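*Asks:* Would you mind keeping the following structure in view while I ask a few things?
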Amino acid sequence: MKRVALTLAVFAALLAPASARAQVAGRTKLGVAVAEMEAVFHGWSAKKNLLGKAVYNEANEKIGTIDDIIITPDQSASFAIIGTGGFVGIAKHDVAIPFAQLKPDGDKLVLPGATKDALKSLPEFQYASAK
């Protein structure tokens, strides 16, 4: 539970406005400061702890899987791409859900009020084509 909450806090910190992380001209900082390292040590890896993780509703029914995490260009919001339905990727329906709507519950991620049918009724997420 603490690990999930800390992960969500790290994501929120990453999404802070750029002005909050502004750097002084001529003093570009590369990497992670010592003070920030504590959050990194206790945070989650999107690759190891979020991608491929099952998403449940409050009735403990598996409703989908996190297939991707999208961070907007201005880093103001992030979205979980949740795949539901289908078999081995065939007829799977991907939807974008604001990451803030996912609630940690122990080692699980819960999307309150969701069902497979509710997710399937949402518009399908499709990646933008490269320009």
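*Asks:* State which residue is modelled with the lowest pLDDT when the search covers only segment 29-55 and only residues that are part of a loop (DSSP other than H, G, I, E, B), of a type in the set (A, V, I, L, M, F, W, C) and closer than 18 Å to Asp68 by Cα.
*Replies:* First, pick out the residues of segment 29-55 that are part of a loop (DSSP other than H, G, I, E, B): 29-33, 43-45, 51-53.
With of a type in the set (A, V, I, L, M, F, W, C) added as a condition, the list becomes 30, 32-33, 44, 51.
Remaining after also requiring closer than 18 Å to Asp68 by Cα: 44, 51.
Values: Trp44: 64, Leu51: 89.
That would be Trp44.
*Asks:* Further, regarding this structure: Just give me the residues in segment 43-59 being exposed (fewer than 15 other Cβ atoms within 10 Å of the Cβ), free of Cβ contacts under 8 Å to residues at least 24 places away in the same chain and not charged (D, E, K, R), in sequence order.
*Replies:* Those that are exposed (fewer than 15 other Cβ atoms within 10 Å of the Cβ), free of Cβ contacts under 8 Å to residues at least 24 places away in the same chain and not charged (D, E, K, R): Ser45, Gly52, Ala59.
*Asks:* Kindly list the number of the only condition in (1) closer than 15 Å to Lys53 by Cβ; (2) out of contact with any strand residue (DSSP E or B) (no Cβ under 7 Å at 6 or more places or on another chain); (3) modelled with pLDDT of 90 or more that fails for Gly83.
*Replies:* Among (1) closer than 15 Å to Lys53 by Cβ; (2) out of contact with any strand residue (DSSP E or B) (no Cβ under 7 Å at 6 or more places or on another chain); (3) modelled with pLDDT of 90 or more, Gly83 violates only (2).
The values are calculated or read from the model by the stated rules, or taken from the named source; none is laboratory data. None of these values were measured; they are calculated from a predicted model. Reconstructed Cβ throughout: ideal geometry from the backbone, glycine too, with neighbour counts over all protein chains shown.
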